[in-house]
1. Taking the alpha-carbon set of the chain, what are its Rg and Dmax in Å?
2. As a footprinting exposure proxy, order 3, 8 by other Cβ within 10 Å, with the fewest listed first.
3. Determine the relative contact order of the chain: mean sequence separation of Cα pairs under 8 Å and six or more apart, normalised by residue count, in whole percent.
4. Given a Förster radius of 35 Å and the C-beta distance between residue 89 and residue 16 as r, what FRET efficiency does 1/(1 + (r/R0)^6) yield to the nearest 0.05?
5. Neighbouring Cβ atoms within 10 Å as the yardstick, rank 44, 100 fewest first.
6. For residue 7 and residue 77 in the same chain, what is the full-extension length gain: residue separation times 0.36 nm, less their Cα-Cα distance, in nm?
């Protein structure tokens, strides 16, 4: 199991729209995330900054599985309208570098 931290940023004025879209995500996307190995995905928002904490079996495999998934494509199109940088699923990112944990 991997724990991945991510940081994304909203376009100015898109905070309410982002919160509204995430009040309930589409059922098909929920299924797709779980089938791709996601066990938990939590998001915090501070103004336009978004901080995600993802618990997933294999982050890179999850991204590959979702890249062309029919439930994810329309969701990513909605998110592209809200986020400063669109996620095109082409990279091999591994999230924010982990620096320290309290043992």
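Only the coordinates and a few stated rules stand behind these numbers; no lab work does. Keep in mind the model is a prediction, meaning the values are calculated, not measured. Cβ atoms come from the backbone with ideal geometry, glycine included; neighbour counts cover every protein chain shown.
1. 13.6, 41
2. Working: 3 14, 8 18.
Ranking 3, 8 by Cβ neighbours within 10 Å, fewest first, gives 3, 8.
3. Working: 134 pairs, mean separation 40.7, N = 103.
Rounded, it is 40 percent for the chain.
4. The value I calculate is 0.85.
5. Working: 44 9, 100 5.
So the residues, fewest neighbours to most, are 100, 44.
6. Working: separation 70, 0.36 × 70 = 25.20 nm, distance 1.85 nm.
Fully extending the segment from residue 7 to residue 77 adds 23.4 nm.
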